[in-house]
1. Is it true that VAL364 is at pLDDT 95 or above, among the β-branched types (Val, Ile, Thr) and out of contact with any strand residue (DSSP E or B) (no Cβ under 9 Å at 6 or more places or on another chain)?
2. If I filter the stretch 34-52 for residues that are among the β-branched types (Val, Ile, Thr) and at pLDDT below 95, do I get at least one hit?
3. Are there any pairs, at least 6 apart or on different chains, whose C-beta atoms fall under 9 Å, with the first in the stretch 130-149 and surrounded by 12 or more Cβ atoms within 10 Å (Cβ to Cβ) and of a type in the set (Gly, Ala, Ser) and the second part of a loop (DSSP other than H, G, I, E, B) and modelled with pLDDT of 95 or more, and if so, which?
4. If we scan the stretch 324-338, do we find a residue that is surrounded by 24 or more Cβ atoms within 10 Å (Cβ to Cβ), β-branched (Val, Ile, Thr) and under 22 Å from THR229 (Cα atoms)?
5. Do any helices (runs of 4 or more DSSP H) lying entirely in the stretch 484-566 carry at least 3 residues that are at positive phi, and which ones are they?
6. Check the stretch 533-545 and report whether any residue there is touching a strand residue (DSSP E or B) at 6+ places or on another chain (Cβ under 9 Å) and not basic (Lys, Arg).
7. Quick check: is even one residue across the stretch 236-255 in contact with a helix residue (DSSP H, G or I) (Cβ under 8 Å, 6 or more places away or on another chain), buried (at least 24 other Cβ atoms within 10 Å of the Cβ) and closer than 27 Å to THR370 by Cα?
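The values are calculated or read from the model by the stated rules, or taken from the named source; none is laboratory data. In this text the structure is predicted, and so the values were computed from the model without any measurement. FYI the Cβ positions are ideal-geometry reconstructions off the backbone, even for glycines, and counts take in every protein chain you see.
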Amino acid sequence: MDQSARLLKQAVTVVAVGMSLFHLWVAYFGPPNAFTLRATHFGLALALAYMTLPGIWTKEGKGKSPLDWLFLVAAVAACAYPIVFKDYFNTRMAYVGPVSTSDQFFAVVMMVTVLEATRRAIGPILPVTALIFLSYQVFFTDTRILRLLEYQYMTTDALFGIPAQVSATYVVLFVIFGALAERFGLGKLFMDFALALTGHQAGGPAKVAVVTSGLFGSVSGSAVANVMTTGTFTIPLMKRIGYPAHFSGAVEAVASTGGQIMPPIMGAAAFVMAEFLGVSYLTVAGYALLPALLYYLAVFLAVHFEAKKQGLRGLPRADLPRVGEVLRERGHLFLPLVIIIGTLMSGFSAPYSALMGILSVVPVVLMRKTTRGEFSVARLIDGLESGAINSVIVALACATAGIVIGVIAQTGLGLTFTGIVRAAANEMLLPALILTMLAGIILGMGMPTTPAYIVQVALLVPALVRLGIPVPAAHMFVFYFAILSAITPPVAIAVYAACGISRATVWETSVSAVKLGLTGYIIPFMFVFGPSLLLIGTWDKIVTTAITAIIGVTFLSAGLSGYLVSPARFLNRVIFVAAALTLIKPGLLTDAVGIGLAVLGVVMNLRWPAPDTAPALDEPHIGHVEAPVSAPIEPEDWNESPAAHPAKH
């Protein structure tokens, strides 16, 4: 490493650790005014982006180009301007006060540098989307350019709006927590715990992937990062016991994607939802709990039925850790998660709860001799650095999504889109839901979940609410499809990442992923027709809905897999699926029909099973299983990930 590269690396460490410490200070002492907090957050994120991510002018092995440094300086200056002149920004009246030449200049610089940094971090789709919206406002509305720049840069309704607030107060802290917890052994605990629980069962490694990805994903909140960490271990194990490469990749992609809806931490978009709904984060986690459990139940059953159908055995118990041993040696590492949940349930804010979790990580690691060796000052610094760097993607996505939100709010485009959806659906709920689902998946293709969800809230949620859907159900509906776009072809970024490990074809893996995750596409319709699935309503209704939903998910998995207690014939599979779909809509009649079909299907499966074609397999033996310490995707990998260059995979 030459001198300039070494200096750059040291500078990245200083800025990243400084960013983490700044947000920890804010969480403890309280935030400064809105412009100062959000501009500082974006300034640090943009500096890290331009210091770590290659641009189109960067030559491989040549370090940073002069244009890279120019963008960095311009971005920091544009973020510093609202901080230096904070009194001016805080006291001026929008649309009344003058907009100076310097105001206009820095507004343009801010938008350009944000869009370019976002392109470097997550690809061109989101920046191009923002440019399309801006072009619409400039060329197809009567908005003056001066007012556009003022609204975007000098108010807290667009670029510095709610997404920026959530990124700067909630998300960055939980990302720092996840990075520290991972550096100090929580990832290995998740892996060992999952191996001990499910590794010996039929298709054990696939079940390990489901459990580990659910646990790790609830902390990381990123489908691709989840695949690239847990998948490097679980996908080879699945292939080794006999699962096809495309199925192995699909299991990991679907399980990793679901981490964003799994409490206690979920993904960044959940914090944005709490802000939009005006409720606590714990309330949003409550909405997500039952649907998330149904999602993972469906994936778990799918891999179980596939394993039974294919005759795939688990891993030898002798090669696996024991649950008691894992909990004795490392179980105390769960305590930071318990502290976060307990602090939230005590009524404290999500940022303060995340801070308590972060502050507890080091004492918990030092608590027992078995994990004391995990701690070092270098690893602590590395965790703070990684936490800041890993939050850059979310910060940039929120900034660019804020630009889109600004256009929609200033032009009234959301109301226009609501009218289009209602007219196309002819005021009928089911067609409107299907149109919204398709629009949500298309909007989410190639975007991280957070900006995809934010854009859908502005464009799609009002239409659903106008059709009588409860507001939390409408938000959760679009939230789900923003997430599921990660496994939906043709732009299935979690699938691309999994294919980079499994070496399977993208199309085969995508088809398997959609089949495995099909329940995830149906669950949103379930809680729209039965909001009790979101824990809304009386407890008897909630319990009844949960039971029928569990039965429906079980039979849907059986129908799609072709196995329940024995291999199922085609007609038997049709009855299973029919039973599941009938149980989607709560109601005495539909539940009775669904249960009746389910009973008929079970009887047929017992009396007239399909011929068993499972191959005879030898007992697998892979030696003692050691779970590697996972690591989040580093910045140099962002533009070289399978998702960024699918053609390579």
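1. Numbers: at pLDDT 95 or above: yes; among the β-branched types (Val, Ile, Thr): yes; out of contact with any strand residue (DSSP E or B) (no Cβ under 9 Å at 6 or more places or on another chain): yes.
Taking the combined requirement at face value, the residue satisfies it.
2. Kept after step one, since they are among the β-branched types (Val, Ile, Thr), are these residues of the stretch 34-52: 36, 40, 52.
Right, trim to at pLDDT below 95 and you get 52.
Within the stretch 34-52, one or more residues are among the β-branched types (Val, Ile, Thr) and at pLDDT below 95.
3. Matching pairs, first to second residue: none at all.
4. Kept after step one, since they are surrounded by 24 or more Cβ atoms within 10 Å (Cβ to Cβ), are these residues of the stretch 324-338: 333, 336.
Adding the requirement that they be β-branched (Val, Ile, Thr) leaves none.
Taking every residue of the stretch 324-338 in turn, none turns out to be surrounded by 24 or more Cβ atoms within 10 Å (Cβ to Cβ), β-branched (Val, Ile, Thr) and under 22 Å from THR229 (Cα atoms).
5. Numbers: elements: 493-502, 506-516, 518-529, 539-561.
Ranges flagged: none.
6. Just the residues of the stretch 533-545 that are touching a strand residue (DSSP E or B) at 6+ places or on another chain (Cβ under 9 Å), to begin with: none.
Checked against the condition, which is being touching a strand residue (DSSP E or B) at 6+ places or on another chain (Cβ under 9 Å) and not basic (Lys, Arg), the stretch 533-545 yields no hits at all.
7. There is no residue in the stretch 236-255 that is in contact with a helix residue (DSSP H, G or I) (Cβ under 8 Å, 6 or more places away or on another chain), buried (at least 24 other Cβ atoms within 10 Å of the Cβ) and closer than 27 Å to THR370 by Cα.
Every residue, every condition in (1) free of Cβ contacts under 8 Å to residues at least 60 places away in the same chain; (2) touching a Cys at 6+ places or on another chain (Cβ under 9 Å); (3) not in a helix (DSSP H, G or I), yes or no:
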site	(1), (2), (3)
GLN152	no, no, no
PRO163	no, yes, no
GLY187	no, no, no
SER213	yes, no, no
GLY231	no, no, no
MET238	yes, no, no
GLU252	no, no, no
PRO263	yes, no, yes
MET266	yes, no, yes
